[in-house]
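Written below as C-alpha cells is the structure these notes are about.
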Amino acid sequence: MAVNESLNHDEAPVLEALERYHDVDELAFTPPGHKQARGADPRVRRVLGDAVFHGDLLASGGLDDRLSRGNVLERAQRLMADAVHAEHTFFSTCGSSLSVKAAMLAVTAPHRRLLVGRDAHKSVIAGLILSGVEPVWVDPAWDAERHLAHPPTAESFEDAFAAHPDADGALVTSPTPYGAAADLRGIADVCHRRGKPLIVDEAWGAHLPFHDKLPTWAMDAGADICVTSVHKMGSGLEQGSVFHLQGDLIDPAALASRADLLGTTSPSVLLYAGLDGWRRQMVQDGKRLIDDALSLAARTRAAIERIDGLHVDDADDYCGPGRAADFDPLPVVIDLSGLGTTGYRAGDWLRTHHRVDMHLFDHRRISAQLTHADDESTVGRLLDALRDLSAHADELRDVPGVIVPDPAHLRMTQATLPRDAYFASYEDVPVTDAAGRVAAEMITPYPPGIPVVLPGERLTEPVLTYLRSGVRAGMNLPDAADSSLRTVRVTASASV
C-alpha cells in the first residue's frame, strides 16, 4: 500500500528508544519498582523471563525524557497513521474498551443522542453508562434462520436519523466477531450528508488496511473515527489498541483529551512497543503475510467442510440484500447443527481432549480465528481435533438445548437511560419474577461480548428463557450479578 515517502517505515521509534535505554545503561530511581527485573521474584522471572521486565519502564522519564522531547510516541503514532491512511492516530494501552469510549465522548455528550447498532460490544454500553448519552438503537440485520446478527444496513441508519435528526453521530461495529462487515461507505454517506461523524468499532479489523481482498478499511470508507484492537488480528500484546481520526468533524485535541480522561497515567511501554513493531511488520511484509493467511484459511475452510456434520459459514451464508455487505474469511465460523450439539459443549470437548481453544461459542457454532501467525502445523492440529470431534458426535448430543427466540422477541424496550438504570437503587429478584421489570445490569454471553440485556431495558420472558436455557447448556455470563441466573438485578422501582 502507498505510504508517505517522507516517513521512514523501517523505523520503530518505541523499540529503538527502548534499545537505546539499555545500551546507555540508564539507571532509574523511578517506578516500576521491580527496577528492570532486579527486584522481581525469581519464580516470576523464571516463568515470564527477564525481557518482560526489561521492556517495562516509564514512558516519560524513561523511554523518553520528562518533557518527551524525543517525540518517541508522537513519531510512532504518526507512522501508524500514515500506514493506515489516517490523519491522526492515538495509541491505547487500555484496549479498545477505552478507545471506543473516548471516541463516543468526542462525538457526543451527556444528555445528547447517538445512533448505535444494537449489536455493539459491552464496552460501548459501558460508555453509554459512564457518559449518560441516550442511545438510539439501530437494529442489526438479523438472520432468522441462523439466529445471527449482522451489522445494521445503511438504510437502517438513514431511518434512524430521519426519526432522530438531533443525534450527534453514529456508531457501527464492523466487522463482527463472526466476520460480517457493514456497508461502511453507505453508512458514512448517510452521516456526512447531515454533517454528522461516524465511529466504527473495528476491533476485529486491524489487518484490513493491509490487503485489498479483505473488507474495506474504515478510514478508506470515509469513517471519522475508527477503533482497532491490534491484539486481536494483529501482532500486538493484549490491551494494545489504536484509534484513528480523519476529517474536520472532530477536534483531534478533544479526542486526545477524552482519551486522557479515561486512560491510565502509567501506560505500558511493552504495549507501545508491540503496536510500533506490528506497524513496521505490516508495512514491510503485510501483503505477503495476509496473502498466506487467506490461502491457508481457504484450504482450512475446504477441509472442515468435508468433515461430517460440520459446515463453515461463508460469504454466501452472510452476504446479500438486507444482510452483511462483505465478509472476512479469517474468522473460521463452524456451524455444528449437523452434529446435534452446541458450541459450548464442543468447545469444552476440544479443550479437554485436544488442548485446542476455540475463539467464540454460541448455541450452534464455534469459531477458529486464523491470523498471519498460523501455518500448516497449527491448522493441521485444528483439523485433527475437529475430525475427532465429529467422530465422537454421539457423546456430545446429550446436551440441553438453547431456546433462541425469533429476532422480534430478542429486542426489548429501552424504558430508561442505561446510566439511570445502572446507578438506580436495585434489587435481586428470582429470574422467574423478572419479566416486566427493568434491568439494572448488563447480561452478556462471553465471548463474543455482545450484551443480550442492557441496563434500562424492560425484561421479557422470551429473553429470560433464552438466557436460562443458555446457562443450562454452558453459556458464560461473566458480568451478571448472578452468573447462574437464578436471580436478576433490576431497578428497585418496578414502575420505571
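With the structure loaded, tell me whether Leu477 is under 23 Å from Met358 (Cα atoms) and either touching a Cys at 6+ places or on another chain (Cβ under 8 Å) or at pLDDT 95 or above (or both) or whether it fails that test. Don't jump to the end; show me each part of the working.
Numbers: under 23 Å from Met358 (Cα atoms): yes; either touching a Cys at 6+ places or on another chain (Cβ under 8 Å) or at pLDDT 95 or above (or both): yes.
So Leu477 passes the test.
Condition first: in contact (Cβ under 8 Å) with a residue 60 or more places away in the chain and in a loop (DSSP other than H, G, I, E, B). Now tell me which residues in the stretch 103-132 satisfy that.
Thr108, Arg118, Asp119, Ala120, His121, Gly132, listed by residue number.
What single numbered condition from (1) in a loop (DSSP other than H, G, I, E, B); (2) exposed (fewer than 13 other Cβ atoms within 10 Å of the Cβ) fails to hold for Glu74?
(1)
Kindly state which helices (runs of 4 or more DSSP H) lie completely within the stretch 265-369 and contain at least 3 residues that are more than 30 Å from Pro400 (Cβ to Cβ) and modelled with pLDDT of 95 or more.
Details: elements: 269-305, 315-318, 343-354.
Filter on the stretch 265-369 gives 269-305.
Any residue at all in the stretch 170-181 that is of a type outside the set (Asp, Glu) and surrounded by fewer than 20 Cβ atoms within 10 Å (Cβ to Cβ)?
The answer is no, given that none of the residues of the stretch 170-181 is of a type outside the set (Asp, Glu) and surrounded by fewer than 20 Cβ atoms within 10 Å (Cβ to Cβ).
Contact list please: Cβ distance under 7 Å, first residue in the stretch 279-298 and under 13 Å from Thr371 (Cβ atoms), second residue buried (at least 16 other Cβ atoms within 10 Å of the Cβ) and aliphatic (A, V, I, L, M), pairs at least six apart or on different chains.
Met282/Ala83; Ala293/Leu330; Ala293/Leu370; Leu296/Leu370; Leu296/Val379; Ala297/Leu330; Ala297/Val332; Ala297/Leu370
Could you list, ordered by first residue, the pairs with Cβ atoms under 7 Å in which the first is in the stretch 164-176 and assigned by TED's automatic domain parsing to the domain that holds Met104 and the second is among the acidic types (Asp, Glu) and modelled with pLDDT under 95, at least 6 apart or interchain?
Thr173/Asp119; Thr176/Asp119
Results for (1) of a type in the set (D, E, K, R); (2) surrounded by fewer than 18 Cβ atoms within 10 Å (Cβ to Cβ); (3) farther than 29 Å from Ile187 by Cβ; (4) not assigned by TED's automatic domain parsing to the domain that holds Val230, shown as yes or no for each residue.
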| position | (1), (2), (3), (4) |
| --- | --- |
| Asp285 | yes, yes, yes, yes |
| Glu305 | yes, yes, yes, yes |
| Leu310 | no, no, yes, yes |
| Ala315 | no, yes, no, yes |
| Gly322 | no, yes, no, yes |
| Pro331 | no, no, no, yes |
| Asp374 | yes, no, yes, yes |
| His392 | no, yes, yes, yes |
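The values are calculated or read from the model by the stated rules, or taken from the named source; none is laboratory data. This structure is a prediction, so every number in the text was calculated from the model and none was measured. Cβ sites come from the backbone with ideal geometry, for glycine too, and all protein chains shown count toward neighbours.
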